[in-house]
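Each value in this text was obtained by applying a stated rule to the coordinates, not by laboratory testing. Treat the numbers as computed from the prediction; the structure is a model and nothing was measured. When we count neighbours, we look across all protein chains shown, and the Cβ atoms used for this are built from the backbone with ideal geometry, even at glycine.
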Amino acid sequence: MTTEGPPLELLLRRLAETPPDFLPAARGTVHTAAVVNDLLRLHGAREADGRLTDLISCEDGNRLRLVLVLSWLLSDEALTSLQLPPAEILGAVLGPSAELAPYVAAQQAVENPERREEVARAALGALALRPLGESESFARDRFTTLSTAERTRVLAASRAAEERARAIREALAKKAADESADKWSRE
Amino acid sequence: MNDPDQTDADRYPLLTERGRAMLRHLREHPAAPLYRRTSGNRLNARDLEQVRAFEADVAAHTPAWQPGTTPAWMEDFVTHCLADVPHYRRYQMPGTNLHTLPTVSRADLSRDITAFVPDGLPIDRLINFRTSGTTGHPLLIGSHPTVAAGYLSFHRRALRHYGIELTAGAGEVAVVLAGFQRRCFTYVSVTPQMSEAGLAKINLHPDDWRDPADRARYLDAMNPEMYTGDPVAFAELASLPLTARPRALLSTSMTLLPGLRAQLEARFRCPVIDVYSMNEAGPVAFAADGVWHLLQHRLFVEILDPDGNPAPPGTVGEVTLTGGFNPWLPLLRYRTGDFAAMAWHDDQPRLTDLTGRAPVRFRTASGEWLNNIEVTHALQRHALAQWTLHQAADGTLTFSCAGQPDLTTLRPALEELFGPAAALAIHTSAAFDGKVRQYTSDLDDSGQSRA
């Protein structure tokens with residue numbers, strides 16, 4: 001998030017206006033890898049990136065739809081004009097789509113304002129960009145607040161910590177723990 | 001109550017026929033006391049290997065660092081704490097400089113001990129150390145059979161300073177842990193790292209014996225190589241007509257006055273070693289040659305002033321510990337509530353002027369303020385096992401002690417300190433029950449705020 005990118009509002013509007021073709025109801029109606037390849041060409045790529053083959057074998061329909069949504073987002077002129085390396089653009093498609101797929105439905109990424117912002121910030125973050133006019137720390141904090149993956153991770157960590165504390169308390173309370181302390185001196 | 005699901009196989013996984021015979025000997029002697037509990041070393045073969053390696057490690061190293069420095073192991077230890085221990089992980093402090101990290105207190109441990117157990121450490125064989133706490137913060141500390149067994153390594157180090165190598169082995173009793181309380185847990189066990197030599201934790205209180213005279217009969221028959229206990233128990237032990245001679249007495253838990261120490265040494269004709277020890281850290285130091293020698297080479301000791309800054313060598317402050325040998329309770333700047341100064345002998349740090357708890361001030365008849373350490377000094381020649389001194393808001397002093405002190409010398413010693421005009425009452429009782437807060441005052445609360 002070291003460099004300023006386009007204004008956030010512009011990206012949010014673009015996401016809200018995602019054409020229905022980018023949200024196919026069933027797999028197979030759109031060749032996702034071909035769409036991404038087109039996106040990379042828009043960003044100046046001259047040959048296909050080997051990582052695209054991963055998308056061909058991908059079985060996760062929601063992730064593929066998120067790939068399409070991100071491709072739509074990243075083909076905005078505000079981003080193509082930045083002349084970013086195509087390999088980084090592909091990273092901004094593959095990374096956030098993989099991370100968000102377990103938690104965010106592609107439809108929500110378009111229709112829900114908070115999820116739209118999460119997707120836009122995730123894509124910018126993957127390109128080391130932050131929204132125009134925002135400080136680095138604000139951009140980072142705002143993304144952490146919105147991040148479904150982060151929230152899920154924190155909740156899971158907190159549940160695991162509670163479970164561990166409970167297990168320790170139970171282990172300490174066992175009679176066996178109580179009657180086994182062959183120290184040679186007492187305090 | 002004992003756990004009916006536990007068997008000797010659980011309590012003593014390595015028990016052999018000779019160990020079984022030792023347990024029978026300790027339990028079934030005609031003069032044996034009433035053993036109220038069962039306990040066990042719980043050491044399996046792998047544990048025993050680990051305990052032996054630990055013992056060799058302790059014997060091979062001496063606690064050492066120069067003033068203003070930290071030992072070489074510190075950085076890795078702090079990194080481990082900040083990464084793996086839930087309580088310390090919350091610090092979110094950049095870097096691993098010990099002196100910039102917050103301190104923790106007994107209250108923190110008491111509030112949630114589970115947050116001090118590192119992630120990933122197995123907890124299926126946890127044991128606990130309990131303290132009721134004279135400070136108002138009872139503790140239940142997580143530990144492990146190998147940690148309990150590790151105490152012996154530090155005892156050996158202290159004994160070695162006095163020229164004693166323990167030799168008890170199969171068929172012999174290595175140690176008797178003596179208490180003298182109305183009620184305390186008692187049990188027998190064996191020590192696998194000493195060929196299953198016997199261990200007995202006993203209560204010298206007459207109520208624990210069929211006949212009070214059995215105490216001397218039993219202890220003479222067991223003939224332990226050494227005793228551990230507190231000054232109150234040792235004062236009682238000294239009153240018994242024992243003929244067997246231990247090789248050492250190791251005193252913990254309470255202040256051991258030089259007067260009582262001299263009396264015990266004369267009575268048992270063996271060294272009486274005062275050990276500074278606590279459940280949170282185990283044995284920290286032992287007294288010899290007028291100073292306290294540190295025992296653990298992976299325990300860093302700081303002396304902090306009331307603002308939490310390191311006190312210069314020679315200045316009394318709070319004993320603060322980092323490290324330790326209990327992986328289930330890694331200490332990171334733990335304020336013990338005990339006070340001492342640090343002095344160096346080459347690169348070996350030592351403690352001086354060690355007193356439990358924050359200093360309490362007392363007002364003399366002339367209005368002068370005295371630190372409690374001066375009271376302790378005034379009592380040095382008296383063979384008191386346990387005592388308390390309280391000053392009421394009107395300045396009245398109440399001195400209470402266990403046993404039968406020589407009042408013809410005790411009163412003058414206290415009057416010399418506080419002035420002949422001081423209002424001073426002296427009470428004696430047979431015994432206190434357990435640990436007590438030694439010095440308290442309604443006039444000066446500076447020493448009680450941290451307790």
- Give the order of B:Glu28, A:Glu134, A:Glu162 when sorted by the count of other beta carbons within 10 angstrom, beginning with the fewest. B:Glu28, A:Glu162, A:Glu134
- Contour minus end-to-end for B:Asp119 and B:Trp73, with contour as 0.36 nm per residue of separation and end-to-end as the Cα-Cα distance? 14.5 nm
- Query: Simple spin-label model, 7 Å along Cα-to-Cβ: B:Thr409 to B:Asp220 in nm?
  - Reply: 2.9
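So if I place +1 on the C-beta of Lys and Arg and -1 on the C-beta of Asp and Glu, and nothing else carries charge, what would the dipole magnitude of the range A:42-112 be about its Cα centre? I want it in debye, nearest 20.
Value, rounded to 20: 40 debye.
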- Query: Under unit Cβ charges (Lys, Arg +1; Asp, Glu -1), what dipole magnitude, rounded to 20 debye, does chain A have relative to its Cα centre?
  - Reply: 500
- Query: To the nearest 0.05, what FRET efficiency results for A:Glu9 and B:Asp305 with a Förster distance of 56 Å applied to their C-beta separation?
  - Reply: 0.50
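With Rg and the Kirkwood Rh both taken from Cα atoms, where does Rg over Rh land for the range A:4-66?
Radius of gyration relative to Kirkwood radius: 1.01.
Would you work out the Kirkwood radius for the range B:1-74? I mean one over the mean of 1/r across all pairs of different Cα atoms, in Å.
So the Kirkwood estimate lands at 16.1 Å.
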- Message: So for chain A, averaging the separation of alpha carbon pairs under 8 Å that are six or more residues apart and normalising by length, what relative contact order in percent results?
- Response: 29
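With a 10 Å Cβ neighbour count serving as the proxy for reagent exposure, in which order, fewest first, do B:Thr186, B:Thr7, B:Thr322 appear? Intermediate results must be reported in sequence, preceding the final value.
Numbers: B:Thr186 18, B:Thr7 11, B:Thr322 24.
Listing B:Thr186, B:Thr7, B:Thr322 from fewest to most nearby Cβ atoms yields B:Thr7, B:Thr186, B:Thr322.
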- Note on the structure: Pseudo-spin-label distance B:Arg130 to B:Leu240, built 7 Å along Cα→Cβ, given in nm, is 2.5
- Mean separation of Cα contacts under 8 Å (6+ apart) over length of chain B, as relative contact order %: 15
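Counting only other chains, and only Cβ atoms inside 10 Å, what mean value do you get across the residues of B:147-156?
Mean partner shielding for this stretch: 3.
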- Measuring from the lowest to the highest alpha carbon on each principal axis, how far does the protein assembly as shown reach, largest first, in angstroms? 102, 67, 43
- Query: Whole number please: convex hull volume per residue of the Cα set in chain B, in Å³?
  - Reply: 148
- Item | Fraction of beta bridges assigned by DSSP in the range B:128-208 that are antiparallel (%, nearest 5) | 60
- Paramagnetic reach from B:Asp289 (point 7 Å along Cα→Cβ, amide N under 18 Å) across the range B:310-325: B:314
- Query: For helix A:32-42, what angle does its Cα long axis make with the longest principal axis of chain A, in degrees from 0 to 90 and rounded to 10?
  - Reply: 60
- Query: What number, rounded to the nearest 500 deg cm²/dmol, is the helix-based mean residue ellipticity at 222 nm of chain B, given -39500 (n - 2.57) per DSSP H run of at least four residues and division by all its residues?
  - Reply: -7500 deg cm²/dmol
- Along the dipole axis of chain B (charges at Cβ: +1 for Lys and Arg, -1 for Asp and Glu; origin at the Cα centre), the most positive-end residue among B:Leu98, B:Pro33, B:Met254 is B:Pro33
- Divide by every residue of chain A the summed helix terms, -39500 (n - 2.57) for each DSSP H run of at least 4, and state the resulting mean residue ellipticity at 222 nm, rounded to the nearest 500 deg cm²/dmol. -19500 deg cm²/dmol
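Suppose R0 equals 56 Å. What FRET efficiency, 1/(1 + (r/R0)^6) with r the Cβ-Cβ distance, do A:Glu150 and B:Glu265 give to the nearest 0.05? Numbers along the way, then the final one.
Details: r = 65 Å, r/R0 = 1.17.
With R0 = 56 Å, the Cβ-Cβ based efficiency is 0.30.
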